[in-house]
Amino acid sequence: MLATVLMLAGCASLPAHVKRPVSHALENPTDTTLGQLANQKRPSQANNARSGFALLASPNAAFAGRLALTQDASKTLDVQYYSIHLDPTVISLLAAIRQAAQRGVRVRILLDDFNSVGHDAQVMQMAGVPGIEMRMFNPLPGNRGSGLIRALTSLHDFKRIQHRMHNKVYIADNAWGIIGGRNLGDSYFGTAEGEDFIDMDVLAAGPVVRGLSASFDRYWNNPLAYPVESLITPKELKQLRNTKQPDNPTSALSVAGGDAIPMETDASQPPPLPAALDLKKLPLTWAVAGLLVDSPLKLVPDDDQDTPEDTVIDGLLSLLGTAQHDVLIVSPYFVPGEEMMTVFANLKMRGVRVRVLTNSLASTDALLAQIGYARHRKALLKSGLELYEVKAHERAQVRDTMLGSQSSGSRASLHAKLVIVDDRVIGIGSMNLDLRSKLQNTEIALVIRSPALARQAAKQVHDVIHAGAWKLSLTPDGRVQWHALPQDQQPVLDHDPDTSAWLRFLAKLLSPLTPDEML
């Protein structure tokens, strides 16, 4: 079987001479209801350079915000994500997007191609809905029935397929937008069975959204963006849908042109979805903000630019370097390279407190990234950083914070990506503080100068730390220990909490095979 797959690797290729009609964001967003609403909500003391912001910390708020932008859009809707999982919650959002297209909204969906296989490949049916265009970024050739087989048939192009578009934005009428850590899926909206992500987004209105739209246009019109119809036909999608997929029941929901998209079902009814946010009543914090965004050329491995553009991670490290008192980092995959370690050392030399919240071995959804982080754990603690790791099974104890008010019994996994400097500036976006975000993936982030917003986000992070995280320390002889909080009332562990001996052994076994730059 493997020999056959490898033989076919040389046969798989992407289409040539693909037509990509150029399009751009709405030129005059102030002519739309959403654009006018943004202007109406601007306080008299906020000059035109300031934009309005609202944190979307809970899963309910994250879904309700996206639904509001979808329902209130009157001209355009631009959606850019690393992954879209065809879960029941997302199917309801896709239905709202289809309704927007039916009322005349131009919809553009740009999706990284890596995860669009099997059940999730059916999201490409949206390309067949009138008024909706959909493109796949940096696609892999080959059959979409199996992600593993598809990856194997692309091994001859391994360097390219390692580079992924990790950006996550949701923009309505070039007037309001959402940026943050969430992809689209039940796990990001608090409705999954088995695992939910602790995450955070920010809703933006005003001039900064123009930058989000310009970034979207740059990716949308790039040669790496392939229209869905150039990669797969409706007939092939239908054949793939009719092929029995593991763990996917056969029930379906119609969302695209009368055709059916299969949805997973469960014996229990999913929780009811929240209503759309009322944007008219939503309080906004007005502040100056800047946009950090990677060039799509970062995904071209043989790019021969004389002076490569600075990356989002470069910008964030520069921001950290401005800290005077305090740095708070939230990164689910935290694999610091040499440059990051130098930044941390310089901060500690100046007396800056540095705290990091990341995943534990039990809570992570990316074992290899956790292995990379664990290699640096002792050095980070020795340098004076304060490390906290999310507990995997404290879901019921972190209600009304970034995890939301969900039932117990599922595994919590950190997915939020933000930095807070001196309780006055917050950087939030798609990036992790790791070498993959710096070297492999494209990322996007907003940097907002707002003490009010920074303190609000910091409180959310502190709530998660105190209700559902381990604090790490080093013993005098250099062993890592995990302390449950409050520290003086709980036992101390000398190995990764809530893990089996087998998982800990596997992590040590794989460690030599996982170089930092691939994580």
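The values are calculated or read from the model by the stated rules, or taken from the named source; none is laboratory data. Fair warning: this is a prediction, and the values are worked out from it, not measured in the lab. All Cβ positions, even for glycine, are placed from backbone atoms using ideal geometry, and neighbour counts span all protein chains on display. Ligands, DNA and RNA are stripped out before the accessible areas are found, and what is left, the full protein with its side chains, is counted by its heavy atoms. Shrake-Rupley method; radii C 1.70, N 1.55, O 1.52, S 1.80 Å.
For Met340, the conditions (1) over 30 Å from Phe137 (Cα atoms); (2) aliphatic (A, V, I, L, M); (3) in a helix (DSSP H, G or I); (4) open to solvent by less than 10 Å² (accessible area, probe 1.4 Å) are fulfilled apart from (1). Of the residues making up the range 392-414, those that are within 20 Å of the chain's Cα centre (by Cα), surrounded by fewer than 24 Cβ atoms within 10 Å (Cβ to Cβ) and either among the hydrophobic types (A, V, I, L, M, F, W, C) or at pLDDT 90 or above (or both) are Ala392, Ser413. A single entry from Arg436, Arg455 fulfils the requirement of being assigned to a helix (DSSP H, G or I) and closer than 21 Å to Ala323 by Cα: Arg455. Just one of the listed residues (Leu86, Leu69) is in a helix (DSSP H, G or I), of a type outside the set (Val, Ile, Thr) and under 21 Å from the mean Cα position of the chain (by Cα), and it is Leu69.
When residues in the range 99-117 are screened for being open to solvent by less than 10 Å² (accessible area, probe 1.4 Å) and either part of a strand (DSSP E or B) or on the phi > 0 side of the Ramachandran plot (or both), 6 of them pass. Among the residues of the range 202-212, are any touching a residue at least 12 places away in the same chain (Cβ under 8 Å), within 30 Å of Ala392 (Cβ to Cβ) and buried (at least 21 other Cβ atoms within 10 Å of the Cβ)? Yes, the range 202-212 has at least one match. Checked against (1) farther than 16 Å from Val480 by Cβ; (2) loosely packed, with under 15 Cβ neighbours inside 10 Å; (3) touching a strand residue (DSSP E or B) at 6+ places or on another chain (Cβ under 8 Å), Lys378 passes all but condition (1). Across the range 52-86, what is the number of residues that are touching a Lys or Arg at 6+ places or on another chain (Cβ under 9 Å), of a type in the set (A, V, I, L, M) and under 18 Å from Asp112 (Cα atoms)? Here the count works out to 2. Checking the structure you have, find out if any residue of the range 180-192 is of a type in the set (D, E, K, R), modelled with pLDDT of 95 or more, surrounded by 21 or more Cβ atoms within 10 Å (Cβ to Cβ) and under 26 Å from Thr285 (Cα atoms). Yes, the range 180-192 contains at least one residue that is of a type in the set (D, E, K, R), modelled with pLDDT of 95 or more, surrounded by 21 or more Cβ atoms within 10 Å (Cβ to Cβ) and under 26 Å from Thr285 (Cα atoms). The strands (runs of 3 or more DSSP E) found entirely in the range 139-241 that carry 1 or more residues being touching a Gly at 6+ places or on another chain (Cβ under 8 Å) are 169-172, 176-180, 195-198, 201-205.
Here's the yes/no breakdown for (1) loosely packed, with under 15 Cβ neighbours inside 10 Å; (2) part of a strand (DSSP E or B):
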residue: Ile313; (1), (2): no, no
residue: Leu316; (1), (2): no, no
residue: Leu319; (1), (2): no, no
residue: Ala323; (1), (2): no, no
residue: Val327; (1), (2): no, yes
residue: Asn346; (1), (2): yes, no
residue: Gly351; (1), (2): yes, no
residue: Arg355; (1), (2): no, yes
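Arg455 fulfils the conditions (1) touching a residue at least 40 places away in the same chain (Cβ under 8 Å); (2) open to solvent by 10 Å² or more (accessible area, probe 1.4 Å); (3) under 21 Å from Ala54 (Cβ atoms) except for a single criterion, (1). Checking every residue in the range 499-518 against the condition of being at pLDDT below 90, assigned to a helix (DSSP H, G or I), in contact with a strand residue (DSSP E or B) (Cβ under 6 Å, 6 or more places away or on another chain) and open to solvent by 20 Å² or more (accessible area, probe 1.4 Å) gives at least one match. Of the residues Ala96, Ala54, Ala121, the single one that is in contact (Cβ under 8 Å) with a residue 12 or more places away in the chain, hydrophobic (A, V, I, L, M, F, W, C), over 23 Å from Arg20 (Cβ atoms) and not in a strand (DSSP E or B) is Ala96.
From the set of residues in the range 458-491 that are in contact with a Phe, Trp or Tyr (Cβ under 7 Å, 6 or more places away or on another chain) and assigned to a strand (DSSP E or B), which is most open to solvent (accessible area, probe 1.4 Å)? Checked the range 458-491; the qualifying residue most open to solvent (accessible area, probe 1.4 Å) is Lys471.
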